[in-house]
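Peer 1: Handing you a structure now.
The values are calculated or read from the model by the stated rules, or taken from the named source; none is laboratory data. Please read these numbers as outputs of a predicted model, since none were measured by experiment. Every residue, glycine among them, receives a Cβ derived from its backbone with ideal geometry; neighbour counts consider all protein chains shown. Surface accessibility is based on the protein's heavy atoms, side chains included, excluding ligands, DNA and RNA. Shrake-Rupley method; radii C 1.70, N 1.55, O 1.52, S 1.80 Å.
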Amino acid sequence: RRPPVGSWFSRRPTPPSSVLGTMNLLVAVGSILTATILLTADLLNTLIRIPSIALVDCIDALSGSGKATGRKKPPWAAQRFANEPVYVKGSIVKGELDVPATLARSAFALKPDDLIARTKRVLGAEFGTAEGCSAEDLLAADFQFVAPIVGPLSRTEFLRAFGSFKVKDAIPDAMDNAWFNVDPLEPNRVWWFSRVTATHTGPLMFGGSIIKGEGKQIRMPPQASSMLFDESGKVYTLTVGYTMDKRIGNTNGLGAVFGILKAIGKSLPFPEAQALYTPSLRFEGFERLGKAVENMGFDPNTRKKIPMQ
């Protein structure tokens with residue numbers, strides 16, 4: 001028969017402080033040992049990486065290779081317009097913007113409603129790749145595409161890549177679940193936020209191969225994207241795929257095409273395409289050292305004794 005609640009049968013004795021101290025010490029020793037292994041591996045990796053990069057740089061200098069790759073990307077487009085902020089008087093949030101008043105200061109030729117309409121037009125035209133549309137009418141000659149990992153890409157490079165994916169054919173039921181705002185501090189910039197849902201039912205073209213649709217669900221995390229417009233109304237910068245909550249969806253926090261590939265089980269074979277954030281050996285090593293300090297009874301940030309609970 002089940003013992004009554006509160007009886008001595010149902011009470012579990014609390015381990016004595018000496019036992020808890022021994023357990024914490026054991027965890028601390030384990031954390032220090034594993035941190036040592038990780039930091040040693042990181043050191044070995046660094047010793048290999050430094051001369052490898054130096055050799056690559058020498059070959060690039062001699063052959064002219066390496067342009068627009070890895071560590072040698074072209075510079076970003078500079079910010080062109082800015083508004084002085086106007087703050088909400090008496091707000092309990094320090095620095096809360098008075099958005100209408102800040103936007104009213106804009107000297108940019110195009111107004112917010114027009115910019116949002118142009119943004120939707122570019123999206124609807126699939127950046128100029130849709131049938132009957134012209135990318136030259138929508139994207140500026142100095143256009144740049146900038147994602148968290150890929151880019152900046154020129155207009156030609158972007159159109160060649162985006163046009164080859166055939167995303168609408170691969171996920172015809174995709175819903176952006178998007179909403180749009182003009183940046184009050186950068187008045188030529190439209191931000192839109194989305195939580196894309198889709199089903200992979202059609203062929204996705206990627207890397208020279210065709211990935212057949214198998215009905216797999218795609219649930220993207222919330223993403224921030226933006227378009228920056230020049231005074232003629234053309235887009236000169238497109239940013240996409242910046243996710244805001246890696247816990248949401250089934251892409252390990254990845255956005256854009258990398259997120260699609262992750263969701264359908266076809267992620268690319270490098271860390272940047274596996275998850276939004278892959279901790280380095282060094283980070284994990286230092287994290288474990290911090291845990292060791294905690295297990296020894298001290299706060300790793302203040303270095304003070306942690307009060308007993």
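Peer 1: All but one of (1) more than 24 Å from Phe143 (Cα to Cα); (2) surrounded by fewer than 18 Cβ atoms within 10 Å (Cβ to Cβ) hold for Glu231; state the number of the condition that does not hold.
Peer 2: (1)
Per-residue answers, yes or no, for (1) out of contact with any Leu (no Cβ under 6 Å at 6 or more places or on another chain); (2) more than 22 Å from Phe145 (Cβ to Cβ); (3) of a type in the set (Phe, Trp, Tyr):
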site: Trp192; (1), (2), (3): yes, no, yes
site: Pro222; (1), (2), (3): yes, no, no
site: Asp245; (1), (2), (3): yes, yes, no
site: Gly255; (1), (2), (3): yes, no, no
site: Lys262; (1), (2), (3): no, no, no
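Peer 1: Sticking with this one: From the residues in the range 227-285 that are in a helix (DSSP H, G or I) and in contact with a Ser or Thr (Cβ under 6 Å, 6 or more places away or on another chain), which one is nearest to Gln217 (Cα to Cα)?
Peer 2: Out of the qualifying residues, it is Ala263.
Peer 1: Condition (residue is at pLDDT 90 or above and open to solvent by less than 80 Å² (accessible area, probe 1.4 Å)) applied to the range 63-72: is it met by at least one residue?
Peer 2: Yes, the conditions are met somewhere in the range 63-72.
Peer 1: Then there's this: Among what's in the range 84-107 and is open to solvent by 50 Å² or more (accessible area, probe 1.4 Å) and among the aliphatic types (A, V, I, L, M), pick the residue that is nearest to Val182 (Cα to Cα).
Peer 2: Out of the qualifying residues, it is Val99.
Peer 1: What are the residues in the range 121-159 that are open to solvent by less than 30 Å² (accessible area, probe 1.4 Å), part of a loop (DSSP other than H, G, I, E, B) and in contact with a Ser or Thr (Cβ under 9 Å, 6 or more places away or on another chain), if any?
Peer 2: Correct list: Ala125, Ala147, Gly151, Pro152.
Peer 1: Moving on. Which residue out of Asp42, Asp57 is open to solvent by less than 80 Å² (accessible area, probe 1.4 Å) and in contact (Cβ under 8 Å) with a residue 12 or more places away in the chain?
Peer 2: Asp42
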